[in-house]
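The values are calculated or read from the model by the stated rules, or taken from the named source; none is laboratory data. For clarity, every value in this text was computed on a predicted model and none was experimentally measured. As a convention, Cβ positions derive from the backbone with ideal geometry for all residues, glycine included, and neighbour counts pool all protein chains shown.
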Amino acid sequence: MTLSSKTPQSWGRYPRVKPRQVIPVFWRDELPNLTTLEQPVLPFGYGRSYGDSCLNEDGITLDISNLRRFISFDEEQGILRCEAGVSLAEVLELIVPRGWFLPVTPGTQFVSVGGAIANDVHGKNHHKAGTFGCHVTQFELLRSSGERFICTPTQHSELFRATIGGLGLTGIMLWAEFRLKRIANPYISVDRIRFSSLDEFKQIAADSDQDFEYTVAWIDSLGSGNELGRGIFMRGNHLDAGVQISEKEKKKLTLTVPLDFPSFVLNTLSIKAFNTTYYHAQFAKKVHKIEHYEPFFYPLDAIHHWNRMYGKRGFFQYQCVVPFEHGYEAMKEILRRISTSGEGSFLTVFKEFGDISSPGILSFPRPGLTLALDFANNGQKTLRLFDSLDELVRQNGGAIYPAKDARMSAEDFQRYYPQWRAFAQYIDPQFSSSFWRRVAVDAAVPAYVNK
């Protein structure tokens, strides 16, 4: 058995835990005998989950990032089959020149296809296309018993539903097949609209919902008083064929954060200064432009290792969703509490989820407003703020995203995902994670069962 020197980390670099072993997987037909392993097992791709859902403290990590071969591509129908370790960046490199695009994409292209399915990722077009899992046609799942299942919406359908959004706990996904979206070119027609409040955001979102496939907003998390809820609304569509591009595509410029920033660099004053500058950098109320898909979908991918900006202690991402019924009032109060907490976020994403249901049992998106924020890890001060935000999410019938979480209580998880017991029966008995052992505290549903 080959061992790896790779030490898995989540993107937030918190918590810092180590598995007992890391076993790389190179070939779909040459896999370790999982029944001989004495510790719980968890697949790992590129570590872009923010919390501990991709971590397996004192367990065994199966590094699937070497399963990165393309298997088939139907260029007429737009159906791609590839191994689970292929990254979305590699998929885009193949499909975009051939007139296709991802049906749904998260905010980074540096995630594996298996990870996109296991976390049932969503993007700027949720109101039009749902989650990534909505476009998966089939995949092959290897269980620790050695059984291999071809899972589709009609064949082994319960395993299909459990694996989409199942956080890697149902077995090893070897390959997956999914539908693509036809495009004419790699460009996006984009509007950027400055708004002064959540009420104004609501109106812009309503006006944009039908005509724009992609909608999202940046919010100034430290705005207060008359500045509470101000931000920049971004909406876009793929550029139609025949539209003339006035300027040549610019060469892609990438930067790297070479080392951890000192903890004092990101503080309330520096974040407030950044937010104010960013908000006022757009002089006009509305700006229209045509841009390449990469800066529109993946602005932070141009800064390699940007997570180092938060220093050695790492950072948290807090992403919640609150139903529309009381959503805007709840979000106003969430922003008030953040603004007065002394904590701040300059990476703050806000959008509306649509009503397209995912096939995944544990999928996070549901109709409502979703807010995602990054916070430097300032210990108990940060955790107390999250406890306060949790209270509002609970009161308004919302939920927290497991793929972004590193500290949600078992009680809250089970409240947000009452279907978790139904999901648990499909977990492979050899598989577990640091996240699952934290939130699945129930004598009737053990978090890990060694065969």
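Quick look at the numbers
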{"item": "Segment 356-407: number of residues that are more than 21 Å from residue 267 (Cβ to Cβ) and without any contact (Cβ under 8 Å) to a residue 24 or more places away in the chain", "result": "4"}
{"item": "Answer from 59, 78, 99, 85 - the residue that is within 26 Å of residue 319 (Cα to Cα), of a type in the set (Gly, Ala, Ser) and at pLDDT 95 or above", "result": "85"}
{"item": "Residue list for segment 137-160, restricted to those being charged (D, E, K, R), farther than 14 Å from residue 84 by Cα and in a strand (DSSP E or B)", "result": "148"}
{"item": "Residue within segment 99-108 that is out of contact with any Ser or Thr (no Cβ under 6 Å at 6 or more places or on another chain), polar (S, T, N, Q) and within 21 Å of residue 68 (Cβ to Cβ) present", "result": "yes"}
{"item": "Test: residue in segment 174-183 that is at pLDDT 95 or above and part of a loop (DSSP other than H, G, I, E, B)", "result": "yes"}
{"item": "Residue 391 out of contact with any strand residue (DSSP E or B) (no Cβ under 7 Å at 6 or more places or on another chain) and of a type in the set (Asp, Glu)", "result": "yes"}
{"item": "Residues (surrounded by 19 or more Cβ atoms within 10 Å (Cβ to Cβ) and in contact with an Asp or Glu (Cβ under 8 Å, 6 or more places away or on another chain)) located in segment 145-175", "result": "151, 164, 165, 169, 170, 171, 173, 174, 175"}
{"item": "Output for segment 284-306, where each listed residue is more than 17 Å from the chain's Cα centre (by Cα), hydrophobic (A, V, I, L, M, F, W, C) and part of a helix (DSSP H, G or I)", "result": "302"}
{"item": "Count of residues meeting criterion [surrounded by fewer than 20 Cβ atoms within 10 Å (Cβ to Cβ), among the charged types (D, E, K, R) and closer than 20 Å to residue 275 by Cα] in segment 205-229", "result": "1"}
{"item": "Filter result for residue 351 (outside the structural domain of residue 138 (by the TED database), farther than 30 Å from residue 184 by Cα, of a type in the set (Lys, Arg) and touching a residue at least 40 places away in the same chain (Cβ under 8 Å))", "result": "no"}
{"item": "Residue match in segment 10-26 (condition: among the aliphatic types (A, V, I, L, M) and in contact with a helix residue (DSSP H, G or I) (Cβ under 7 Å, 6 or more places away or on another chain))", "result": "yes"}
{"item": "Complete set of residues in segment 379-431 that are surrounded by 19 or more Cβ atoms within 10 Å (Cβ to Cβ) and small (Gly, Ala, Ser)", "result": "398, 399, 403, 406, 424"}
{"item": "Qualifying positions in segment 112-121 - β-branched (Val, Ile, Thr) and either in a loop (DSSP other than H, G, I, E, B) or assigned by the TED database to the domain that holds residue 358 (or both)", "result": "121"}
{"item": "Evaluation of residue 266 against (1) within 29 Å of residue 114 (Cβ to Cβ); (2) assigned by the TED database to the domain that holds residue 287; (3) among the aliphatic types (A, V, I, L, M) (one fails), failing number", "result": "(1)"}
{"item": "Residue 316 being within 27 Å of residue 48 (Cα to Cα), in contact with a Phe, Trp or Tyr (Cβ under 6 Å, 6 or more places away or on another chain) and aromatic (Phe, Trp, Tyr)", "result": "yes"}
{"item": "Members of segment 27-53 that are within 21 Å of residue 83 (Cα to Cα) and modelled with pLDDT under 95", "result": "27, 28, 29, 30, 31, 32, 33, 34"}
{"item": "Selection within segment 84-111 - under 21 Å from the mean Cα position of the chain (by Cα), over 28 Å from residue 31 (Cα atoms) and assigned to a strand (DSSP E or B)", "result": "101"}
{"item": "Within segment 279-295, considering residues that are among the aromatic types (Phe, Trp, Tyr) and closer than 15 Å to residue 196 by Cβ, the one surrounded by the fewest Cβ atoms within 10 Å (Cβ to Cβ)", "result": "283"}
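Conditions tested, residue by residue: (1) among the aliphatic types (A, V, I, L, M); (2) under 25 Å from residue 126 (Cβ atoms); (3) in contact with an Asp or Glu (Cβ under 7 Å, 6 or more places away or on another chain).
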{"residue": "302", "(1), (2), (3)": "yes, yes, no"}
{"residue": "305", "(1), (2), (3)": "no, no, no"}
{"residue": "325", "(1), (2), (3)": "no, yes, no"}
{"residue": "335", "(1), (2), (3)": "yes, yes, no"}
{"residue": "346", "(1), (2), (3)": "no, yes, no"}
{"residue": "371", "(1), (2), (3)": "yes, yes, no"}
{"residue": "385", "(1), (2), (3)": "yes, no, yes"}
